[in-house]
Amino acid sequence: MLDFTNEIKKRRTFAIISHPDAGKTTLTEKFLLYGGAINQAGSVKGKATAKHAVSDWMEIEKERGISVTSSVLQFHYNDYCINILDTPGHQDFSEDTYRTLMAADSAVMVIDASKGVEAQTRKLFKVCVMRHIPIFTFINKMDREAKDTFELLDDIEKELGIATCPVNWPIGSGKRFKGVYDRANEEIELFSDTRKGTAIGEVKKISIHDGSVDSLLEEGQRELLEEEIELLDGASAEFDQELVGKGELSPVFFGSALTNFGVETFLQHFLNMTTSPLPRKSDRGEIDPMQEKEFSAFVFKIQANMNKAHRDRIAFMRICSGEFEAGMEVFHVQGGKKVRLSQPQQMMASERKMIEKAYGGDIIGIFDPGIFSIGDTLTSSADKFAYEGIPTFAPEHFARVRQVDTMKRKQFVKGINQIAQEGAIQIFQEYNTGMEEIIVGVVGVLQFDVLKYRLQSEYNVEIILETLPYEYIRWIENKDIDLDRLSGTSDMKKIKDLKDRPLLLFVNSWSIRMTQERNEGLILSEFGRS
């Protein structure tokens, strides 16, 4: 086997996070445009009629104009091989984003210049902080009227508790937005508006000390820029690569994804400031892709029916070490047996291409006959190990679900089980009734709409959802528990998960404590174990 560390060094794998409508999907498309993966924003190369965002592949996403599931996109730029994990911005799909961040080495946070840090950004950012991954900030929509630039930086530092270091600085905003000032090179970068991303615009670079600068900017812009830079040099944090790597300092860039202002500059700086794939924690200690020669990967996402015609299931894996070869046989740690990884593919949203090889840092999709679960480890190493698990978040909304046509019971059970295996919903059974009564739990209520839509469109099953008043779920940690003898409160419901583990649902939070007091030694947990 050839030395493949050079291939791994070229890899950059990052997630894009933001509040809905901050322009995350547009920025992703512009990256693909610069990488030559597409020739027009909003369409995959050769599919000029497709007007929806490249990374939004589900029908419901195209109808509603929102991303509800993470997409995986790979492209090449200069000598780099880049894997982008585009995540849903809407908080109702945040669990999908949490899992996706487990597969990323860094994150790009997109912020709307007119709004600053919004609720969802705050929530997702905390997950990045927990993982200590480097965070890069792109302040978007500078072609519209923006908040005061210093106020935006202050907003990030106060709200998110991270120091900022502007790499460039905007010159005006809205109709007066002329471009950005590169602090390190002391150059002004002026951009031509490319409109709709059909072509890549010209960038004109000129020293701030050049006499012709005044004629290229609007009246008063040069003086204001010089004042702001002086203030910035005295007030902002110095760039420190080590602090960026620890996730304690965020380099900040300004631009407009829609008009291509500042996108390529950001991409170039980002690639220089990020590292090749990082080591991952396992029960054998850290697995370093530069040291570990054997193939290893973990499953972070499962998606059924990406192609309705094929009724397929794809397990998305983050390769952590070694070289992947199509059809190779590896050990499935959780399944306890060897499996052949067939039909390996890389994605451009729902567009796929079969691949022969992939390396540490890459994200690949593998045909899943129904044996993989989120968090599973696969390895060709004789010294078997498992990567750290991916937590299951407690659902906050519950509904009883049944199919309208009783003759479609088989399709209903199959569909709801497959969607549950993706991790988007969690399904439970009423205690003592088995699968006759199914209760669905979700993190965000919009997931109920997605469930209803997908069962109808993918499995031809119409359902009725009856929302339940429960807001709190607890797994019972005690091994030998007699549910019949458990003394609870009037607002408590006994259920079981698909692995037959007992759980309790509550309407009120105080009922949890009361139930524990009534049952000595009862141990309740907020998180499920995968």
#### Entry: Rounded, prolate or oblate (a/c below 1.5 giving rounded, otherwise prolate when a/b exceeds b/c) for region 224-265 by Cα gyration tensor
oblate
### Task
Show the residues, 5+ positions off or on another chain, whose built amide H is closer than 5 Å to the amide H of residue 462.
404, 405
### Summary
Taking alpha-carbon centroids only, region 355-378 lies from region 468-489 a number of Å equal to 36 Å
### Message
Taking just the alpha-carbon atoms of region 213-336, what radius of gyration and Dmax come out, in angstrom?
### Response
23.2, 70
### Task
Leaving out ligands and nucleic acids, note down the accessible area per residue over region 117-170 with a 1.4 angstrom probe, in whole Å².
39 Å²
### Query
Taking the mean number of other Cβ atoms within 10 Å as a proxy for protection, how do you rank 208-219, 497-508 from highest to lowest?
497-508, 208-219
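Ranked from highest to lowest mean number of other Cβ atoms within 10 Å per residue, what is the order of the peptides 137-145, 263-271?
Values: 137-145: 23.3, 263-271: 20.4.
Top to bottom by mean Cβ count within 10 Å: 137-145, 263-271.
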### Built amide H within the under 5 Å cut-off of residue 386, gap 5+
283, 284
### Query
Residues with beta-carbon under 11 Å from that of residue 462, excluding residue 462: net charge, scoring Lys, Arg +1 and Asp, Glu -1?
+2
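Show me the ranking of peptides 7-20, 375-388 by mean Cβ neighbours inside 10 Å, starting with the highest. Present the calculation step by step, with values, prior to reporting the outcome.
Details: 7-20: 22.1, 375-388: 18.4.
So the order, starting with the most tightly packed, is 7-20, 375-388.
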### Query
Between region 213-276 and region 142-181, how many Å separate their Cα centres?
9 Å
### Message
Which three extents, in angstrom, do the Cα atoms of region 236-291 have along their principal axes, listed largest first?
### Response
47, 26, 16
### Per-residue HN-Hα couplings for region 330-338 [Karplus 6.51, -1.76, 1.60; θ = phi - 60°; Hz; x = Gly/Pro]
9, 8, 8, 4, 5, x, x, 8, 7
### Message
I'd like to know how region 430-469 sits against the 2.2 N^0.38 Å rule of thumb: what's its Cα Rg over that expected value?
### Response
1.27
#### Entry: Gain on full stretching of the segment that runs from residue 6 to residue 432 - 0.36 nm per residue minus C-alpha separation
147.7 nm
## Note on the structure
Over 29 Å (Cα to Cα) among 281/357; 205/246; 9/141; 141/452 -> 205/246; 9/141; 141/452
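The values are calculated or read from the model by the stated rules, or taken from the named source; none is laboratory data. It should be emphasised that the depicted structure is a prediction, and the values quoted were computed from it without experimental measurement. Neighbour counts are summed over all protein chains in view; Cβ atoms, including those assigned to glycine, are modelled from backbone coordinates with ideal geometry. Just the protein is used for accessible areas: all its heavy atoms, side chains included, with ligands, DNA and RNA removed. Shrake-Rupley method; radii C 1.70, N 1.55, O 1.52, S 1.80 Å.
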